[in-house]
Amino acid sequence: MNEIVCVSPPSSNGLGPVPVSVSVDRARIDSSLQFEYIDDPRVQRIEPEWSITSGHTPLTITGFNLDVIQEPRIRVKFNGKESVNVSNLW
């Protein structure tokens, strides 16, 4: 194994850089590495605002910090039915 994958906790201090350390068994690795908390992505607009029932309509999502989303998904609910689709970033 060549990597450790962790999920970041919510920031307790708001936005900005924080130091990173790793503990494995009795070993602790401290370095000058930093992780930065940034603003959450915000959606401003979705175009078009409607589609035909068979779908397959390309949607354009406009907003801020959308480039930090690793696997964008669109969730649609209609008449008690829900559909989730993975989207592409361009």
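The values are calculated or read from the model by the stated rules, or taken from the named source; none is laboratory data. Quick caveat, the model's predicted, so the values are computed rather than measured. For neighbour counting, all protein chains shown are included, and Cβ atoms are generated from backbone atoms with ideal geometry for every residue, glycine included. All accessible areas refer to the heavy atoms of the entire protein, side chains included, with ligands and DNA or RNA removed. Shrake-Rupley method; radii C 1.70, N 1.55, O 1.52, S 1.80 Å.
With respect to Ser51, is the statement that it is modelled with pLDDT of 90 or more, open to solvent by less than 100 Å² (accessible area, probe 1.4 Å) and assigned to a loop (DSSP other than H, G, I, E, B) true?
On the way: modelled with pLDDT of 90 or more: no; open to solvent by less than 100 Å² (accessible area, probe 1.4 Å): yes; assigned to a loop (DSSP other than H, G, I, E, B): yes.
Criteria not met by Ser51.
All told, Val22 meets the bar of being aliphatic (A, V, I, L, M), at pLDDT 85 or above and part of a strand (DSSP E or B). Working only within region 59-83, note down all residues that are out of contact with any Pro (no Cβ under 9 Å at 6 or more places or on another chain) and open to solvent by 90 Å² or more (accessible area, probe 1.4 Å). Passing the criteria: Gln70, Glu71, Arg73, Arg75, Lys77, Phe78, Asn79, Lys81, Glu82. Being more than 23 Å from Ile38 (Cα to Cα) and among the hydrophobic types (A, V, I, L, M, F, W, C) is the filter; apply it to region 52-68 and report the residue that is farthest from the chain's Cα centre (by Cα). Per the criteria, the residue is Ile52.
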